[in-house]
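The structure appears right after this line, and notes come after that.
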Amino acid sequence: MPTKSGANTRLRSLSASGHPLPPESLRRLGRALSSQAEATPRDAGIVSLAVGSKDMGDEGAVALCEGLAETDGGALEVLDLGWKRLGSEGLRAVGKTFGPSERLKNLDLSRNEGVGDEGIASLAEAAGDRVGDDGAAFASLEALNLAECDVGAAGARSLADLISRRGSERTTKPLRLLAIGSNPLGAEGCEALAGLCAVPGGPSATSRLHMAGCSAGDGGIVALADAATANPCVGLEVLDASDNSITEAGAEALGRSLAESWPDLIELNLAKNELKSQGVASIVGALSSGRSDKSGEKKNSTLRSLDLSRTDCGAEGAAAALNAGCLASLRLFGNRLGSDGFRSVAPLLRGGHPTLETLDLGGNDAGEGSVAALLRSIADKRRSTVKAVRPGDRGERVRRRGDGSVGGAEAGVAEARCRARQARSIGLDTVLDDGIPYSWHVIRYDPPHTY
């Protein structure tokens, strides 16, 4: 076959997920990819592979890896084994074959619920055995996805040990992404992850940590905040801690560490946590207000994106978030602000906002009059670019009412007629195709120009 002989030099990616392949076929494919790696130049041949159905199982994964074992995974840089019903033996085979690989950059093992703590331990042990005490397993890896793999605290410790050993080698770079969301890590598992973020005397082991839905609770987020206070999370740019049962206590601890211990954090997602107004105030209180601070207290000025959707922040929390002077994107979706909430925050948006480019106020049950008041406030001092879309329907086509008006709202936004930036057709005198009356969920405008 062309792949085995090395005749294939153009095909770079093979994606055939969802198609069942017997183990022997997977073994032959692995051998062909190994032969190709030996017969073609380094910059030619298949480097990305996604094959097999959800019924591949350990037997299929072992067969594929056996075929690739001779060349430590061949030339593969991307391997997608997500949703393949893998367990401990499958992950052991992956670790044994790809642990010494100097080519693999992206490994997706997500949605394999049979992995568990035992599977992560098997992956780490097999990879470690191949590289030895002085080597770095998965030395070139940039992205690792272990979401929905039923990994608990023990598995998190095994993973942290594997990645920490990898980071001890000067030739390796931090992961670009570690995705371990929707796993029952608990507070103990988050403690293990904290050691990857807060590395004494060095950068974080990953620049993006996605740990949504991991049952962290206040204990987990406190462990992360305390670790950061002791050893700042240098290089960590994105933290997704959404849907983790974090309350005001956890938010207070995180807020205390934000000012000085997260020097490179750009994006923070705390959605679906019951922070309430007090918790939100703790978080945004650590952020720069954009105004001179006479107290001299240090503030975080690197954060640009903050997601506070469904945090039960109320109007008071929303107002506190809008007073942060460093954010370019703020999501306040689903906080039941209502009409009173919209009216209370409207003055904070008078004439626009000094830094915000995207503001999501969707799902807040505000009436027409309060929406009009908010838009009037934005249009008060300058022309604005306003984007109106429905959550989940960004860019969807909208149609006009028969009379081309929306009553009081049109009068309130005469100065703020929108120009669609990323949507096909946007207008303030529209309703959605399904007949739902207009509701502005995302308000987007250009920040003020400075000359």
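The values are calculated or read from the model by the stated rules, or taken from the named source; none is laboratory data. All of these numbers come straight from a predicted model, not from anything done at the bench. For neighbour counting, all protein chains shown are included, and Cβ atoms are generated from backbone atoms with ideal geometry for every residue, glycine included. SASA here: full protein model, heavy atoms, side chains in, ligands and nucleic acids out. Shrake-Rupley method; radii C 1.70, N 1.55, O 1.52, S 1.80 Å.
Can you find a residue that is touching an Asp or Glu at 6+ places or on another chain (Cβ under 6 Å) and at pLDDT below 90 anywhere in region 331-344?
Taking every residue of region 331-344 in turn, none turns out to be touching an Asp or Glu at 6+ places or on another chain (Cβ under 6 Å) and at pLDDT below 90.
Scanning for something more than 15 Å from ALA320 (Cα to Cα) and either open to solvent by less than 10 Å² (accessible area, probe 1.4 Å) or over 16 Å from the mean Cα position of the chain (by Cα) (or both), does region 279-289 turn up at least one residue?
Looking through region 279-289, none of the residues is more than 15 Å from ALA320 (Cα to Cα) and either open to solvent by less than 10 Å² (accessible area, probe 1.4 Å) or over 16 Å from the mean Cα position of the chain (by Cα) (or both).
Which one of the conditions (1) open to solvent by 10 Å² or more (accessible area, probe 1.4 Å); (2) farther than 20 Å from LEU79 by Cα does ALA156 fail to meet, given that it meets all the rest?
That leaves (1) as the condition not met.
Just for region 304-320: of the residues that are of a type in the set (A, V, I, L, M) and within 13 Å of LEU270 (Cα to Cα), which one is nearest to the chain's Cα centre (by Cα)?
LEU306
Yes or no, residue by residue, for (1) at pLDDT below 95; (2) open to solvent by 40 Å² or more (accessible area, probe 1.4 Å); (3) touching a Gly at 6+ places or on another chain (Cβ under 6 Å):
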position	(1), (2), (3)
ALA321	no, no, no
LEU327	no, no, no
GLY351	yes, no, no
VAL371	yes, no, no
ARG383	yes, yes, no
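Between residues in region 13-40 that are open to solvent by 70 Å² or more (accessible area, probe 1.4 Å) and residues that are of a type in the set (Asp, Glu), which pairs lie under 7 Å by C-beta distance while being six or more apart or on different chains?
What qualifies is PRO20/ASP55.
Please verify whether region 101-112 includes one or more residues that are at pLDDT 95 or above, among the polar types (S, T, N, Q) and either under 19 Å from THR172 (Cα atoms) or out of contact with any Gly (no Cβ under 8 Å at 6 or more places or on another chain) (or both).
yes
Given the conditions (1) outside any loop (DSSP other than H, G, I, E, B); (2) open to solvent by 20 Å² or more (accessible area, probe 1.4 Å); (3) under 27 Å from GLY74 (Cβ atoms), and given that LYS173 satisfies all but one, which numbered condition is not satisfied?
(1)
From the list LEU104, LEU79, LEU86, LEU91, exactly one residue is in a helix (DSSP H, G or I) and either under 22 Å from ALA139 (Cβ atoms) or not charged (D, E, K, R) (or both). Which is it?
LEU91
For the list (1) open to solvent by 10 Å² or more (accessible area, probe 1.4 Å); (2) part of a loop (DSSP other than H, G, I, E, B); (3) touching a helix residue (DSSP H, G or I) at 6+ places or on another chain (Cβ under 9 Å), I need the number of the one condition that ARG111 fails.
Looking at each condition in turn, ARG111 falls short on (3).
If ASP161 satisfies every condition in (1) within 21 Å of ALA126 (Cα to Cα); (2) open to solvent by less than 20 Å² (accessible area, probe 1.4 Å) but one, which is the exception?
Status for ASP161: all satisfied but (2).
Check whether at least one residue in region 126-138 is under 30 Å from ILE246 (Cα atoms) and open to solvent by 10 Å² or more (accessible area, probe 1.4 Å), and report yes or no.
no
Identify, please: which residue in region 61-94 is out of contact with any Asp or Glu (no Cβ under 7 Å at 6 or more places or on another chain) and farther than 27 Å from LEU11 by Cβ and is, among those, most open to solvent (accessible area, probe 1.4 Å)?
Among those that are out of contact with any Asp or Glu (no Cβ under 7 Å at 6 or more places or on another chain) and farther than 27 Å from LEU11 by Cβ, it is ARG92.
Cβ contacts < 6 Å: first residue farther than 17 Å from ASN269 by Cβ, restricted to region 209-233; second residue hydroxyl-bearing (Ser, Thr, Tyr) and not in a loop (DSSP other than H, G, I, E, B), any location; separation 6+ or different chain. Result?
Listed pairs, sorted by first residue: THR229/SER257; THR229/SER261; PRO232/SER261.
For region 124-152, give me each residue that is under 18 Å from PRO184 (Cβ atoms) and touching a helix residue (DSSP H, G or I) at 6+ places or on another chain (Cβ under 8 Å).
Those that are under 18 Å from PRO184 (Cβ atoms) and touching a helix residue (DSSP H, G or I) at 6+ places or on another chain (Cβ under 8 Å): LEU146, CYS149, ASP150, VAL151, GLY152.
Does at least one position in region 27-40 carry a residue that is in contact with a helix residue (DSSP H, G or I) (Cβ under 9 Å, 6 or more places away or on another chain) and β-branched (Val, Ile, Thr)?
The answer is no, given that none of the residues of region 27-40 is in contact with a helix residue (DSSP H, G or I) (Cβ under 9 Å, 6 or more places away or on another chain) and β-branched (Val, Ile, Thr).
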